[in-house]
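The values are calculated or read from the model by the stated rules, or taken from the named source; none is laboratory data. What you see is a predicted model, and the numbers here were worked out from it, not measured in a lab. Neighbour counts run over all protein chains shown; Cβ positions are idealised from the backbone, glycine included. Calculation scope for accessible area: heavy atoms of the full protein, side chains included, ligands and nucleic acids excluded. Shrake-Rupley method; radii C 1.70, N 1.55, O 1.52, S 1.80 Å.
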Amino acid sequence: MLILKQLFFGLLLPAVVTGGILVFARSLTSKKEGENTGKKTDISRGWLIAGALSAGYIVGYFGLEGFSTLPFPPRQGIHWLCCLAIIGFIVGCFWHFSFSGRLIAQIVLSIAIPRLLLNSTFKYTWGQLEGIIWWVCLAAAIFIFWNLVQQSFTILPSGASVPFVYFGLSGGTALVLALSGSLRLAQHSGILVALFAVSWIITIALQRDGNRQVFPPSVSPAVALLLAGIWMNGYFYEEVPAVSAILLAVSLLLAQVGQIEAIRRRGTRQSALIQIAAIALPVIIAIGIAVARSGLFGESSGY
């Protein structure tokens with residue numbers, strides 16, 4: 001009964017919430033495009049899609065954790081995941097503002113999130129110098145990853161390939177977490193799997209214009225912050241191998257292979273397959289390392 005409850009509240013209900021908002025956003029956008037075109041349509045569509053992913057994750061979070069498990073301020077790293085979904089949505093609503101405003105928001109959040117999420121580690125594990133080094137490195141990593149997420153929305157071929165890539169990345173993350181013994185975090189990553197799966201299905205079912213960008217830039221704050229938050233929780237508070245965490249984080253960098261002229265000349269479909277395969281490679285290696293580390297097939301080896 002408990003497993004069925006977790007499946008319903010942690011996977012099915014979030015997918016239904018996200019899917020419903022995405023369908024509404026699509027129908028609203030189609031209606032507005034029939035009346036007029038312009039920037040206003042893109043803005044409304046952007047915050048609706050950002051809201052769909054954030055709302056779906058929040059529903060899943062409370063479905064797994066319960067309504068009484070979010071203290072303020074959050075005391076554990078996993079508590080911050082719900083807050084990151086809210087922050088990602090709020091920032092996404094203002095993503096159409098000036099470039100300097102977006103840049104400031106990225107820098108401030110990239111600096112603040114490691115300190116908030118890893119507060120106990122800063123206090124009780126790291127010394128002052130070690131803490132500063134980790135802080136700088138993590139802030140830079142979040143900032144770079146955030147930009148990789150935003151770039152992937154345009155570098156990857158438009159259409160269903162974008163949600164499919166994030167479906168695979170979230171699924172790989174869930175497997176790595178489960179193999180590392182963190183079933184609780186794996187369930188949270190499973191929420192993202194459900195959200196991107198329903199986004200992928202709806203894109204295939206409803207998208208008639210193959211050139212439409214599925215995820216606008218305003219979705220990047222929620223996606224980047226949630227994935228970064230899950231990975232940091234997995235590495236610092238659980239037993240996720242360092243190499244696996246790094247491979248998952250840099251996998252989107254390989255989407256850049258689609259910019260190589262020789263690959264671009266192969267056509268949209270072949271180029272998309274090469275990009276997806278390139279992104280999948282480090283994810284598969286990360287899963288393999290987690291399997292070896294788990295001792296599933298014998299004595300574990302360290303990474």
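The table for this structure:
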{"item": "Residue with peak Gaussian network fluctuation, the chain [Cα springs, cutoff 10 Å], from Ser161, Ser189, Ser100", "result": "Ser100"}
{"item": "Separation in nanometres of the label points that stand 7 Å from Cα toward Cβ, at Leu12 and Ala277", "result": "3.8 nm"}
{"item": "Euclidean distance of C-alpha centroids, segment 164-208 and segment 95-144, integer Å", "result": "25 Å"}
{"item": "Whole-percent carbon and sulfur share, accessible surface of segment 67-219, 1.4 Å", "result": "71 percent"}
{"item": "Candidates Ala292, Ala50, Ala222, ranked by Gaussian network fluctuation over the chain, Cα under 10 Å, top entry", "result": "Ala292"}
{"item": "Candidates Ser120, Ser54, Ser180: whichever shows maximal mean-square fluctuation once the chain is modelled as a Gaussian network with Cα springs under 10 Å", "result": "Ser120"}
{"item": "Segment 121-162 residues near the modelled Gln259 label - backbone nitrogen below 13 Å, point 7 Å along Cα→Cβ", "result": "147-156"}
{"item": "Highest average packing first - 121-132, 225-236, Cβ atoms within 10 Å", "result": "225-236, 121-132"}
{"item": "Full-stretch length increase - Ser98, Arg266 - with 0.36 nm per residue and alpha-carbon distance subtracted", "result": "56.9 nm"}
{"item": "Calculated FRET value between Ile133 and Arg75, using beta carbons and R₀ = 35 Å, to 0.05", "result": "0.90"}
{"item": "Local electrostatic count at Gln270 - Lys and Arg +1, Asp and Glu -1, tallied over other residues with Cβ under 15 Å", "result": "+3"}
{"item": "Computed label-point distance, nm, for sites Phe67 and Leu4 using a 7 Å Cα→Cβ extension", "result": "2.3 nm"}
{"item": "Two-site FRET efficiency, Ile86 against Ile201, from Cβ-Cβ distance with R₀ of 22 Å, rounded to 0.05", "result": "0.30"}
{"item": "Convex hull of Cα atoms in segment 67-190, direction-averaged projection (nm²)", "result": "9.6 nm²"}
{"item": "MRE, 222 nm, helices only [DSSP H, n ≥ 4, -39500 (n - 2.57), over the chain, to nearest 500]", "result": "-25000 deg cm²/dmol"}
{"item": "Relative contact order of the chain, defined on C-alpha pairs under 8 angstrom at six or more residues apart (%)", "result": "23 percent"}
{"item": "Radius ratio Rg over Rh of the chain, counting only Cα atoms, Kirkwood formula for Rh", "result": "0.96"}
